[in-house]
Structures are given as C-alpha cells and as structure tokens.
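The block underneath contains the structure these notes are about, expressed in structure tokens.
The values are calculated or read from the model by the stated rules, or taken from the named source; none is laboratory data. The structure displayed is predicted, hence computed values, not measured ones. Quick reminder, even Gly has a Cβ in these numbers, built from the backbone with ideal geometry, and neighbours come from all protein chains shown. Remember, those area values only see protein heavy atoms, side chains included, never the ligands or the DNA or RNA. Shrake-Rupley method; radii C 1.70, N 1.55, O 1.52, S 1.80 Å.
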Amino acid sequence: MRNTARWAATLGLTATAVCGPLTGAALAEPAAASGLYAPSALVLTLGHGENAASVTPERAVTLTCAPTSSGTHPAASAACAELRAVQGDFDALGAGSDAMCTKEYAPVVVTVEGVWRGQRVSYERTFANECVKSSSGTVFAF
C-alpha cells in the first residue's frame, strides 16, 4: 500500500510539472519552436563612453519576456515583441530604421546580460550618439 501512495504522488507531481506551464499566462505568449518553457530574463545597462569596461552604468532596467512580458523596462511588452521578431538577435534591432541623426560623436554603450529562451546572453554595443541608439527600436529606449 505504501508503494501505491508513493507512485500516485510521483505521478501527480510529474503531471503538475508537465501540464502546469500550459495553463494561464503561458498560453497568452506566442511559443517558439526552440522552447516553450525556456526563461527569458535580461538586465540592460546604459552609460556614456567608448566601451563597457571604461563606463559607469548610468541607468539599468530589467526585461523579462517569458512566461510574460514584465520588468522595469518602460515598454516591456513592445521590447519583448521586437526581440521575438528578430529571434533575440540584438544586432538586427533597428536594421531597417530610416532615422535621420546628426554625425555628432557622443558614444553611448548599452550592455545586455541574462538569459534569452534558455541561452546565456552577454551583449555590448556602442552607438555613436543617443539618436542612433534610439533609432534601434524599443529595446534600448530606456
């Protein structure tokens, strides 16, 4: 009788672990073929200077895209939608932008650390100025 109770408890926990994420908020987000359950949580920082090693971060936000869009990013839902559209490729953000920016050189460094769909992310990019950074889309607009 004791083994039957242990087997039933194990079966119940397994069913909860497998089927639990399929309810509620997880259904509201579009699922990618690479991972329905994979987390996406990022920390983005911004500073003025040439590179991240020599810059003190002036601002930092969090962005969580799975299971739902949230975080301290001012436009978390739009930022997550942009990242999903480019499949997490930060270099592809704003690639089709036709923004008109001055040629002023006042470098802005953005870093991204965290996890995107279960894969570790470490990204750094230096933009020529704030206008160029802002033209790359919502993800770096914080």
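When the range 82-102 is examined, which residues are found to be surrounded by 14 or more Cβ atoms within 10 Å (Cβ to Cβ) and not aromatic (Phe, Trp, Tyr)?
GLU82, LEU83, ARG84, VAL86, GLY88, ALA92, LEU93, GLY94, CYS101
Could you pull out the residue among VAL109, VAL132 that is crowded, with 18+ Cβ neighbours inside 10 Å, in a strand (DSSP E or B) and over 11 Å from the mean Cα position of the chain (by Cα)?
After ruling out the rest, the residue left standing is VAL109.
Among the residues of the range 46-81, write down those that are assigned to a loop (DSSP other than H, G, I, E, B) and either open to solvent by 80 Å² or more (accessible area, probe 1.4 Å) or among the acidic types (Asp, Glu) (or both).
Once the filter is applied, which keeps residues that are assigned to a loop (DSSP other than H, G, I, E, B) and either open to solvent by 80 Å² or more (accessible area, probe 1.4 Å) or among the acidic types (Asp, Glu) (or both), the range 46-81 yields GLU50, THR56, PRO57, GLU58, PRO67, THR72, PRO74.
I want to confirm something. Restricting to the range 89-106 and keeping residues that are of a type in the set (Asp, Glu) and in a loop (DSSP other than H, G, I, E, B), which single residue is farthest from PRO67 (Cα to Cα)?
From the range 89-106, those of a type in the set (Asp, Glu) are 89, 91, 98, 104; that's our starting set.
Restricting the remaining residues to those that are in a loop (DSSP other than H, G, I, E, B) gives 89, 98, 104.
Details: ASP89: 19, ASP98: 32, GLU104: 40 Å.
Residue satisfying both the conditions and the ranking: GLU104.
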